[in-house]
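Just passing along the structure, written as structure tokens.
The values are calculated or read from the model by the stated rules, or taken from the named source; none is laboratory data. Everything quoted here is computed from the prediction, not taken from an experiment. When we count neighbours, we look across all protein chains shown, and the Cβ atoms used for this are built from the backbone with ideal geometry, even at glycine.
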Amino acid sequence: MLGFLRRKVQPPAEAEGTTCHWCRTLIPAKGDEALFLAGAVLDPLVGWFCSKKCARQYGLRFRLQPARRN
């Protein structure tokens, strides 16, 4: 009976996009330009964040230092 129910239930549709590294929300875009236009923030060492707030919180939590300028 359990196998029958598993076959009848539709698997959830896979959402297209990229997830934020801090809060794991889905950013509905793929590719660097599309993510930038969607308002995502790129940290070159970590990846994409959904907002500046998430990027800042991630940096504070893991004590990331800003890039040094000579």
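Looking for whichever is assigned to a strand (DSSP E or B) and either at pLDDT 70 or above or under 18 Å from the mean Cα position of the chain (by Cα) (or both) here; the options are W22, W48. Which one fits?
Just one listed residue meets the conditions, W48.
Just give me the residues in the stretch 16-60 being in contact with a Leu (Cβ under 7 Å, 6 or more places away or on another chain) and of a type in the set (S, T, Y), in sequence order.
T18, T19
Which residue is modelled with the lowest pLDDT, if the candidates are limited to the stretch 51-70 and must be in contact with an Asp or Glu (Cβ under 9 Å, 6 or more places away or on another chain) and surrounded by 15 or more Cβ atoms within 10 Å (Cβ to Cβ)?
Here the residue is G59.
Taking the stretch 24-38 on its own, how many of its residues are touching a strand residue (DSSP E or B) at 6+ places or on another chain (Cβ under 8 Å) and surrounded by fewer than 18 Cβ atoms within 10 Å (Cβ to Cβ)?
6
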